[in-house]
Amino acid sequence: MVPGRRSAKLGGKSLPVPLPPARLLTIGHDNAYTVVIMARPASLGEFEQIVLLAILRLGENAYGVTIRAEIAAHTKRKPAPGALYTTLDRMEEKGLVVSRLGDPTPQRGGRAKRYITVTKKGRVAVISAQRSYRSLLQGLGLLEGANA
């Protein structure tokens, strides 16, 4: 294998995968170490996962009102607008979502809708969280039969 590369298996084939950027750390004048910073997916709370999944379901039509309606339709929870917008702001600061303003409309008193899109980092975080849940649920039989 080439230094600075690792490999991944895909369909039985070994493919090179670049490593994250390395930093050279010098201690004193004789010792040097290569330090690789490995990024972890963002840790998500339950409500953040619900919001991200609702946004992904809605696609291009994801804004406050439709996100709240999607959450209510699938979870029987009705989040307060303040809780939703606070969560969206926090997730935007973390880089999990991005927002853009649509065109102002007369129906909204000339105000624009704030459309939300999940970023790659947000997708990775929700996938990681869901895989963890599935792994913990595996073998418990909680989702089948009389327990469901």
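Select, from LEU44, LEU88, LEU101, the only residue that is farther than 29 Å from SER132 by Cα, modelled with pLDDT of 80 or more and either out of contact with any Phe, Trp or Tyr (no Cβ under 6 Å at 6 or more places or on another chain) or hydroxyl-bearing (Ser, Thr, Tyr) (or both).
Selected residue: LEU101, the only one of LEU44, LEU88, LEU101 that is farther than 29 Å from SER132 by Cα, modelled with pLDDT of 80 or more and either out of contact with any Phe, Trp or Tyr (no Cβ under 6 Å at 6 or more places or on another chain) or hydroxyl-bearing (Ser, Thr, Tyr) (or both).
I'm trying to understand the selection: among the residues of the stretch 57-92, which are in contact (Cβ under 8 Å) with a residue 12 or more places away in the chain, assigned to a loop (DSSP other than H, G, I, E, B) and small (Gly, Ala, Ser)?
ALA62
In the stretch 101-146, what residues are surrounded by fewer than 11 Cβ atoms within 10 Å (Cβ to Cβ) and within 21 Å of the chain's Cα centre (by Cα)?
Correct list: LYS120, ARG134, SER135, LEU136.
When you check GLY95 against the structure, is it outside any loop (DSSP other than H, G, I, E, B) and open to solvent by less than 40 Å² (accessible area, probe 1.4 Å), yes or no? Talk me through it step by step, then tell me what you get.
Numbers: outside any loop (DSSP other than H, G, I, E, B): no; open to solvent by less than 40 Å² (accessible area, probe 1.4 Å): yes.
Here the answer is no, as GLY95 does not meet what is asked.
The values are calculated or read from the model by the stated rules, or taken from the named source; none is laboratory data. Everything numeric in this text was worked out from a predicted model, so none of it was measured. Counting neighbours? That spans all protein chains shown, and the Cβs are built from the backbone with ideal geometry, glycine included. Heads up: the accessible areas ignore ligands, DNA and RNA and are worked out on the full protein's heavy atoms, side chains in. Shrake-Rupley method; radii C 1.70, N 1.55, O 1.52, S 1.80 Å.
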